[in-house]
Amino acid sequence: MPPGSRHNSPGLAAFLRRVEAMVIRELNKNWQSHAFDGFEVNWTEPQQTVTCLHTLGYPPAQGQGLHVTSVSWNSTGSVVACAYGRLDDGDWSTLKAFVCAWNLDRRGLNPRQPSAVVEVPSAVMCLAFHPTQPSHIAGGLYSGEVLVWDMSRPEDPLLWRTGLTDDTHTDPVYQVVWLPEPRYSYRFRVLSVATDGKVLLWQAAGPGQLQLTEGFALVVQQLPRNTKLKKPHRGETEVGTTAVAFSSFDPSLFVLGTEGGFPLKCSLAAEEAALTRMPSSVSLRAPAQFTFSPHGGPVYSVSCSPFHRNLFLSAGTDGHIHLYSMLQAQPLTSLQLSHKYLFAVRWSPVRPLVFAAASGEGDVQLFDLQKSSQKPTVSIKQTQDESPVYCLEFNCQQTQLLAAGDAKGTVKVWQLSTEFTEQGPSETEDLEQLAAEVAT
């Protein structure tokens, strides 16, 4: 039989005509069936456990006893950077420190030899890669300065800096965030928070210079009085801020963590002038709109849910994680995870009910609120001697990766098991239900 002719035989055509009505009837029945509702086909091999893919470190920094104070993934998800500094008590303003980056996709990766190293004249407290420029990274220093580097230019990496002027923070900068400009979403500014009570917005202006474009100051007398707080010490007017997180749903809404232990709901659109004598080239405004019930000590980390406009997490020195709704002062739930400090908390970018926390006892704890609202699903030992884990970040591009940095000067890249990367059938509804538990 010549090739191709067997598909055109009259017998086949007659058979197809005969069964057509029956096949269509069955397909319609399947289409109306609910037997597989909620079932999602997964073609990848399930990964059962959390494994350590890389243990990264820079020996000159580790030899100086420097801590990894911050980690950040770049916009492609292939490069992880870390800040070296110190988080214990002491004056680290003139401590020689480093920013290091590793390209994990590069063949022949050497875990003890970063692909880029920048020397910095003061302890680096925080880092944030640019949202779209893969090699640009902003950092906040112990000295109060904010800098931006280009990690692809190792000989001359510094792009912009604030310099030490009246506008610069007078205390360590604890977090930096890139924000799109309201009118030009492709242009970004850097927002910085510090324990001097100022929240500042910087823009590149001219060669090498970051210029202040807007600023906010947190003053005790202007805090919303919806929650009873401890009386501040006499003469104390500034509220030291230690962490910031922006809403994924409202670009002007952000949450601040404070040294006083209470998170604050704030707005970039606030217009009231701040009652402060702090010098500034722009008029500083008072951003706080609502005060949440405090932790038992300073808040070190806050994280807004990427899946719900009203939910955020906070972690503090009291060893507790609080889950708050923007709509009430009291937390929806409070979990004690550690007898020591908690230094970082982050929501998963892909699982609405999953978050990770970094503890002062050397653990990275992964929570799945679908499984338990009280205890971690997995607790990973990052440091063998229980020295603290100071920072962690999920990778938004390669969502199975989580990086965590510790007091040993080490960054570990953990590969998450499939259960932490694939959404369950009713997970978004469960999150809605959790948020609806607001006290009436």
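Under the simplified labelling scheme, the Leu27-Ser387 pair shows an inter-label distance of 6.5 nm, with each label point 7 Å from Cα along Cα→Cβ.
To make sure I understand the rule: partners must be aspartates and glutamates, Cα under 15 Å from the Cα of Lys265, and not fewer than 8 residues away in the same chain. Which ones qualify? Straight-distance partners of Lys265: Asp250.
Averaging over every viewing direction, what projected area does the convex hull of the Cα atoms of the chain cover, in nm²? It would help to have the intermediate numbers written out before the result.
Working: hull surface 118.3 nm².
So the mean shadow area of the Cα hull is 29.6 nm².
Stretched out straight at 0.36 nm per residue, the stretch from Gln113 to Val438 would grow longer than its current Cα-Cα span by 112.1 nm.
Only protein atoms count toward the accessible area here, which uses a 1.4 Å probe; on the stretch 201-355, the carbon and sulfur part of that area reaches 50 percent. For the chain, the solvent-accessible area works out to 48 Å² per residue, with a probe of 1.4 Å and every protein chain left in place.
By the Stokes-Einstein formula, at 1.002 mPa s and 20 °C, the stretch 53-153 with its Kirkwood radius over alpha-carbon pairs has D equal to 158 µm²/s. Surface composition of the stretch 53-153: carbon and sulfur atoms hold 45% of the protein heavy-atom accessible area at a 1.4 Å probe.
Calculated FRET efficiency, Leu158 to Phe15, Cβ-Cβ distance, R0 = 60 Å: about 0.20 to the nearest 0.05.
The values are calculated or read from the model by the stated rules, or taken from the named source; none is laboratory data. Here the structure is a predicted model, which is why all the values come from computation and not from measurement. When we count neighbours, we look across all protein chains shown, and the Cβ atoms used for this are built from the backbone with ideal geometry, even at glycine. Please note that ligands, DNA and RNA were not included when accessible areas were found on the heavy atoms of the full protein model with its side chains. Shrake-Rupley method; radii C 1.70, N 1.55, O 1.52, S 1.80 Å.
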